[in-house]
Amino acid sequence: MTSATQQAIDAVWRIESARLIGGLTRVVRDVGLAEDLAQDALVAALEQWPESGVPDNPGAWLMAVARRRGVDSIRRAVTLRRKVELLGRELGDHPDPTSEIELEPRVDDDVLRLMFTACHPVLSVDARVALTLKMVAGLSTEEIARAFLVQTTTMAARITRAKKALTEARVPFEVPVGEELGARLGSVLETVYLVFNEGYTATSGEQWARAELCHEAMRLGRMLAALAPGEPETHALVALMEIQASRLRARTGPDGSIVTLDQQDRSRWDRLLITHGLAALGRAQELGGAGPYAIQATIAACHARAPRAQDTDWAQIAALYGDLVTLTRSPIVELNRAVAVSMADGPAAGLAVTDDLLDVVALRGYHLLPSVRGDLLAKLGRSAEARAEFRRAAELTTNGAERAHLLARAGSA
């Protein structure tokens, strides 16, 4: 298989997996079976597309193959004969899966239903988010494990247990209403947030960002804001994502290299997204929003409103991160506060904050801790220590663009 074909298949899976699993779940009413069928279709693509080429409508090709394999699988299970009839009515008699290629008109609804099914209260919050990242965003188990700062084997077991629990509980494939909507909304928002973060800064691969994931997260966020217009955090999350996404074009150079925030050409920031984001933040604040997404959106707005990097109100940003630390108790947020403190009060002050994070177990394999320390040490003129930190950060990251950036920093420190 050529690298171009492999990249095409990877891209198709990223874009189509949520729609594929959602559509299959609507038919078979079993999230675990739906994902298995989707994976079977992916295997078929890996086997056939290198020879036949990527079809014009790869998503529909995958759906047709998955459905047909679903018929074969269910036929082998006598107790599920009724579902065979249901699938048969939807499929019709098409000898060739590619003859069914057409887009599903209900695809957006299916993705939203899939998210709420995966976020059912029968699961723990971590399991809900992990499962939805796997099925809706198409992230690998390794990527999700890095987002949660846990071992890959731990995350794999968590996802398997989650799918089994949903099947055993016979969770309906639907968008909830009333009190049940509120019970599941928080974990769905967290999922959308993590999907966006994976798109904004990819944990692995050669690209620094995956814009398609950011756009998918924003689309889902807007759907949730329309679904729950009285919840301030839905609008705050939309605001955060849109303001952050406004920088996507400026975050990398023509060769894909990383351009840090202070070096970005702000004329390349998307002013329309910023305008939309600030309006969404305004709605969140009118509704009394003071949650974690509202604070983060306010931080993003501080950057968006600064015409030049040197005009940024770092003192306000440091204070906002302090509020966010109090609210979340997250060591990653504290690391972000260290950066803001260094900009407001000098690199020594920021380095002192990072010193308190060195023994935090969750950050021991987190590449951004040595990356931040390397930057602060370089600013203090402690070049040898800075080089060591940048090299350690480069060893820990699994993103190629980020590794190259960190090694370049080590070479110039």
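Values computed for the structure shown
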item	result
Cross-chain or 6+ apart pairs with Cβ under 7 Å, region 214-234 first and of a type in the set (Gly, Ala, Ser), then part of a helix (DSSP H, G or I) and surrounded by fewer than 22 Cβ atoms within 10 Å (Cβ to Cβ)	228/181; 228/185
Condition check for residue 93: farther than 23 Å from residue 156 by Cβ, among the acidic types (Asp, Glu) and modelled with pLDDT of 75 or more	no
Qualifying helices (runs of 4 or more DSSP H) (wholly inside region 200-313; at least 1 residues being at pLDDT 95 or above)	232-245, 271-286, 292-305
Lone qualifier among 253, 288, 282 - being on the phi > 0 side of the Ramachandran plot and of a type in the set (Gly, Ala, Ser)	288
Any chance residue 196 is closer than 24 Å to residue 15 by Cβ, under 19 Å from the mean Cα position of the chain (by Cα), among the aromatic types (Phe, Trp, Tyr) and not assigned by TED's automatic domain parsing to the domain that holds residue 18	yes
Only one of 153, 167 that is surrounded by fewer than 21 Cβ atoms within 10 Å (Cβ to Cβ), modelled with pLDDT of 85 or more, in contact with an Asp or Glu (Cβ under 6 Å, 6 or more places away or on another chain) and in a helix (DSSP H, G or I)	167
Scope region 320-338; condition part of a helix (DSSP H, G or I) and among the polar types (S, T, N, Q); matching residues	326, 328, 336
Candidates 328, 354 - the one that is hydroxyl-bearing (Ser, Thr, Tyr) and more than 25 Å from residue 403 (Cβ to Cβ)	328
Single match in 288, 277 (criterion: over 29 Å from residue 399 (Cα atoms) and not charged (D, E, K, R))	288
Those residues of region 317-354 which are within 16 Å of residue 290 (Cβ to Cβ) and of a type in the set (Val, Ile, Thr), in sequence order	325, 326, 328, 333
Region 20-67, residues that are hydroxyl-bearing (Ser, Thr, Tyr) and in contact with a Gly (Cβ under 8 Å, 6 or more places away or on another chain)	none
Within region 366-413, tally of residues that are within 17 Å of residue 203 (Cβ to Cβ) and not in a helix (DSSP H, G or I)	5
From the options 346, 365, 350, 322, residue that is of a type outside the set (A, V, I, L, M, F, W, C) and surrounded by 22 or more Cβ atoms within 10 Å (Cβ to Cβ)	350
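Residue-wise test of (1) surrounded by 18 or more Cβ atoms within 10 Å (Cβ to Cβ); (2) within 30 Å of residue 236 (Cα to Cα); (3) in contact with a helix residue (DSSP H, G or I) (Cβ under 9 Å, 6 or more places away or on another chain); (4) touching a residue at least 40 places away in the same chain (Cβ under 8 Å).
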{"residue": "301", "(1), (2), (3), (4)": "yes, yes, yes, yes"}
{"residue": "318", "(1), (2), (3), (4)": "yes, yes, yes, no"}
{"residue": "338", "(1), (2), (3), (4)": "yes, yes, yes, no"}
{"residue": "369", "(1), (2), (3), (4)": "yes, yes, yes, no"}
{"residue": "373", "(1), (2), (3), (4)": "yes, no, yes, no"}
{"residue": "394", "(1), (2), (3), (4)": "yes, no, yes, no"}
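The values are calculated or read from the model by the stated rules, or taken from the named source; none is laboratory data. Note that this is a predicted model, so its numbers are computed, not measured. Here Cβ is always computed from backbone atoms with ideal geometry, including for glycine, and neighbour counts include all displayed protein chains.
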